[in-house]
Amino acid sequence: MLINICIMLSRDSSNDGQGDTVSLSMSVSELDDSGEGKGKKKRGRPGKQGVRPPLKKARRSPVDKGGRRANGVAHQNGEGTDPSTLFEVVKQGKSAMQSVIDDWIESYKQDRDLALLDLINFFIHCSGCKGTVRIEMFRNMQNAEIIRKMTEEFDEDSGDYPLTMAGPQWKKFRYNFCEFIMVLVRQCQYSIIYDEYMMDTVISLLTGLSDSQVRAFRHTSTLAAMKLMTALVNVALNLSINQDNTQRQYEAERNKVAGKRANEKLELLLEKRKELQENQDEIENMMNSIFKGIFVHRYRDAIAEIRAICIEEIGVWMKLYSDAFLNDSYLKYVGWTLHDRQGEVRLKCLKALQTLYTNRELYPKLELFTNRFKDRIVSMTLDKEYDVAVEAIRLVTLILHGSEDALSNEDCENVYHLVYSAHRPVAVAAGEFLHRKLFSRHDPQAEEALAKRRGRNSPNGNLIRMLVLFFLESELHEHAAYLVDSLWDSSQDLLKDWDCMVELLLEDPLQGEEVLGDRHESALIELMVCTIRQAAEAHPPVGRGTGKRVLTAKEKKTQIDDKNRLTEHLIVALPMLLSKYQTDAEKVANLLQVPQYFDLEVYSSGRMEKHLDALLKQIRVVVDKHTEMEVLEACSKTYSILCSEEYTIMNRVDIARSQLIDELMDRFAHSVEDLLQEGDEADDDDIYNVLSTLKKLTAFHNAHDLTKWDLFKNCYRLLKMGIEQGSMPEQIAVQALQCSHYSILWQLVKITEGCQSKYYNDYGDIIKETLSKARQMDKIQCAKTLILSLQQLFNELIQDQGPNLDRTSSHVSGIKELARRFALTFGLDQIKTREAVATLHKDGIEFAFKVPNPKGPEYPPPNLAFLEVLCEFSSKLLRQDKKTVHSYLEKFMTEYMMERREDVWLPLIAYRNSLLTGGDDDRLSVTTGASSTSKASTVRSKRGRPPQHKRRPEEEAVEGSWVMRNDTLQTPGALHTPQLTSTALRENPRQAADHIPDQDSSEPGSEPDYMHNPQMQMSWLDQQKMEEVNRKERGGMNYMKSRSGGVRQQVRGLMEDDAEPIFEDVMMSSRGQLEDMNEEFEDTMVIDLPASRNRRERAELRPDFFDSTAIMEDDAGFGMQMF
């Protein structure tokens, strides 16, 4: 044993003297503590079972590959192609992580200080710090001093750091960063992590960084520490498994008879078990340091994302190593954080608990936690964050699955009503809970006996009855479609059992079976119709979801199969159901909705015309018996669907419909004659005969063209009699007017279809001539009118689709196409339309930026997409005017907008590019508008600005003609948005009030204002150019002033302008911060932790990590009894 230790020490000869002394002293102390004289084995020495053998050939580290090192700082090679630091390697993610770690391990074996320095700088750089820890700092400075030094190296102008930066590269960086830590521990688990140097250094550094006031340090180090803890948990779990296996082998060998027992093997197994126990103790000490030094402080950090990281990882530990972590001492942290004010943290808590409750073997260990925090979890089903509410419902479902008695009836009722929620994910989750509670509990023996039965005697028979009772007791009868949709994913077998539903409605109850009452039958019919609609349309009802989505191939096949099956079941049963309930208006109105979901080709392809005749007969009976408009409109709609020309049954249905209308018309004509003859002496029967028949004809005339029966004539006679005599009943007058209205509409349809093409041609010519005359009268006002019409169309699109427009949709393309055609109306002479086009761009820019985004300046304005429409007019600007318009655009832009490249900012990018294109080229010809750019000018643009050409006289004359016009930024008689337009957005009243001009002042653009304001006498383009000249002059003057101020004043000014680094006070030992933190938890618990000790004090006072009494003593600091 001692020889092995000496060999190990000789292999560590490359380490510094201090490291060797530590190893030697530790080994000697272990030898002294051994009672057998053999001493403890050096942990992780090579050559033993379960230990990774040393690599045969040493590989160079990433630093060695990239270049040489000076003072512990890595540099890139001359080509600058290979990454030279661990941070760059992980950031690029091009190398296999295991290869990177193996290279670092080899460098650690050669010089562990330099290798650890690489690892320290890796964590520093991953935090976004530009500073670098050098070798002399690492050897001579404490962690607190190093962290303070690195804090000074932070970029004060930016709050971003790798973990918060946007973009695909940085999203991948987070994954690579976590993988690096996990692989590092996995590759070092057999040797290096037990040397009491590497892990102590890393844990000490991460502990110090996690206490920093700098958010980037705190966030990055917390994530690293939690992933490091997870990796150590995996190591501890493997060690525990190996210990159990070794113990079993030892017991098996020891129990053998004396002759077959191998004493040498027993000694080896004892030695191995002892080594594994030592390694286990060492890993537990590491985990204890991380948990007590980092987790217990950061799980209540001021930053929600940091709190979420802690809760997510403790859930992983409990799942991986439940024997050590799944107890009340650790579950309490998750329970407390259920009251966090941030939905992100609450969501992590629920998901962590879901992974535990999914394993039913762990449920006994969760029993005390369930009793303590069940009420909080149930209340979270009503969380204001929908994602949190969904996960809370799923967790409650898992609790119910683990124990039927865990939830009270009141708890269940709180979840039941959520099936009627308008938010579909919440409703579907509640539907799964309802299915689990009510529809999945059966007696196995009884279910097996009923499994072969069908219809009302099948297992679904009682469940359908239970569903009807639930629907009626919920007292939300008008939401049957919502209930069906909520249960659709979890209870499809039940909801698609139309055979059972029909039998319950048609057949008489069996002996001893409860009879369905009238309310129950109405509810069952309503639920059945909703299931039929859901199966046939394959999308949620109105109010659930954002609209119809494209079905996948599998969903489309399921839809077709369901439609065929429901048609097969109900095409025979529907006439019988109508016959049974023909006198009940509510039931009949629901049942008449069913044919629209049939595959109507089955009537002819399946030779089921007799069932069609039976259906038409029952519909005619219903029309005769009912005068309710709801029933009559349902009959009319059914006839309209069956009479569709795409089906072969159309002729048969059309004959039946014509016979019905003929009969109604004869009855109506006779009743009208009787009423007109009786006059004032007409009795109630005469009035009822006219009114009932007229109602039926009106309902049919709404969906069918009945003009050949000339209903208008008799309706006119009734109305004329009412006007002349004044004795016509109001209901008859209303129905006669309605029927006359339908007659006129059907006549208009015929007229419109005949002359539609001529109408559109004449209308187009009128619009073209109107635009031409308007342009001749005032080009600028005409341009304003064009841009206003585009703005109104854009506003209407925003109102219909919301602010997140699909720029590839046909509606947006239509507006862009209209803008392109408007642009063509300006012609080829850009000089004549110069002011009008510039004014159009000005109005368009102001419209795009006038309404800020309510979410904040970092989000695009709601009208920003209008700039993509405005791009269609950029080609009509002169090149010199493009610069002016671009300068005006920049007045509305912030630096943040200029740097954005996301899709939502593409309209701004496209518009800027359209203005910058050709902006530096030679000017257009002032006579033809053609470009005079040559190859030589292209070369000049690369080397520098070409010399200023002398302006031609004709150009000066033309420019002078529009420069001196009195068309201004605010023209007299400004064009306002029409009051009666339906496309104008409603403005905030406060914002509208801010724009109301002073009534006492003269109107902008009026004649007095024009005479007294010199700037009103020049065009908008000239004003922009003048502002540009003034801005350059002011810049020159400010530069001369700053030069004359002296270097000292300049340096002082720079120091005063620099902002102080933004630090967040998150030291939770502060009493004020503790009170603020308590507000983060919406619970009655008072959380009051003692002041945190520094790292050295914590190292001296390390309680046993797995001692439950030590953990519970820490609870006393919270000032409450948890369990």
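In segment 242-257, the count of residues that are within 27 Å of V388 (Cβ to Cβ), hydroxyl-bearing (S, T, Y) and modelled with pLDDT under 95 is zero.
Listed conditions (1) touching an Asp or Glu at 6+ places or on another chain (Cβ under 9 Å); (2) assigned to a helix (DSSP H, G or I); (3) open to solvent by 10 Å² or more (accessible area, probe 1.4 Å) are all met by E361, apart from (1). Out of curiosity, is R657 more than 46 Å from the chain's Cα centre (by Cα), over 28 Å from T531 (Cα atoms) and either crowded, with 18+ Cβ neighbours inside 10 Å or β-branched (V, I, T) (or both)? Criteria met by R657.
For segment 303-358, the candidate set comprises residues that are in a helix (DSSP H, G or I) and among the hydroxyl-bearing types (S, T, Y); within that set, the residue that is nearest to D375 (Cα to Cα) is T337.
Within segment 285-303, at least one residue is acidic (D, E), buried (at least 17 other Cβ atoms within 10 Å of the Cβ), closer than 30 Å to K351 by Cα and in contact (Cβ under 8 Å) with a residue 60 or more places away in the chain. When R300 is tested against (1) over 22 Å from Y357 (Cβ atoms); (2) in contact with a Lys or Arg (Cβ under 9 Å, 6 or more places away or on another chain); (3) assigned to a helix (DSSP H, G or I), exactly one condition is not met: (3).
Results for (1) under 18 Å from A669 (Cα atoms); (2) not in a loop (DSSP other than H, G, I, E, B), shown as yes or no for each residue.
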| site | (1), (2) |
| --- | --- |
| Y716 | yes, yes |
| E724 | no, yes |
| S727 | no, no |
| I732 | yes, yes |
| A736 | yes, yes |
| C739 | yes, yes |
| K750 | no, yes |
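The criterion of at least 3 residues that are open to solvent by less than 40 Å² (accessible area, probe 1.4 Å) and either aliphatic (A, V, I, L, M) or touching a residue at least 40 places away in the same chain (Cβ under 8 Å) (or both) is met by the following helices (runs of 4 or more DSSP H) wholly inside segment 839-913: 866-870, 879-892.
Here the helices (runs of 4 or more DSSP H) wholly within segment 584-683 that include at least 3 residues being closer than 27 Å to L718 by Cβ are 609-625, 629-642, 650-678. Selection of segment 555-583 for residues being open to solvent by less than 50 Å² (accessible area, probe 1.4 Å) and either farther than 15 Å from V502 by Cα or not in a helix (DSSP H, G or I) (or both) yields Q559, D562, Y581, Q582. For the condition more than 18 Å from E872 (Cβ to Cβ) and surrounded by fewer than 18 Cβ atoms within 10 Å (Cβ to Cβ), G814 does not qualify. The set of residues in segment 400-424 that are charged (D, E, K, R) and either more than 16 Å from F439 (Cα to Cα) or over 30 Å from the mean Cα position of the chain (by Cα) (or both) comprises E404, D405, E410, D411, R424. Residues in segment 509-537 that are more than 17 Å from F470 (Cβ to Cβ) and either polar (S, T, N, Q) or modelled with pLDDT under 90 (or both): P509, L510, Q511, G512, E513, V515, Q534. Note on segment 715-732: residues that are of a type in the set (A, V, I, L, M, F, W, C) and either in contact with an Asp or Glu (Cβ under 7 Å, 6 or more places away or on another chain) or closer than 15 Å to T693 by Cβ (or both) total 3.
Looking across segment 188-242, the residues that are aromatic (F, W, Y) and over 31 Å from the mean Cα position of the chain (by Cα) come down to Y190, Y194, Y197. Among the residues of segment 721-731, those that are exposed (fewer than 13 other Cβ atoms within 10 Å of the Cβ) and not small (G, A, S) comprise I723, E724, Q725, E730. Just one of the listed residues (S204, S212) is modelled with pLDDT of 90 or more and not in a helix (DSSP H, G or I), and it is S212. Residue-level check: of (1) part of a loop (DSSP other than H, G, I, E, B); (2) of a type outside the set (G, A, S); (3) closer than 20 Å to I314 by Cα, M229 misses just (1). What are the residues in segment 823-838 that are aliphatic (A, V, I, L, M) and not in a loop (DSSP other than H, G, I, E, B), if any? A823, L824, A836, V837, A838, listed by residue number.
The values are calculated or read from the model by the stated rules, or taken from the named source; none is laboratory data. Here the structure is a predicted model, which is why all the values come from computation and not from measurement. Backbone-built Cβ (ideal geometry, glycine too); neighbour counts: all protein chains shown. What goes into the accessible areas is simple: the full protein's heavy atoms, side chains included, and nothing from ligands, DNA or RNA. Shrake-Rupley method; radii C 1.70, N 1.55, O 1.52, S 1.80 Å.
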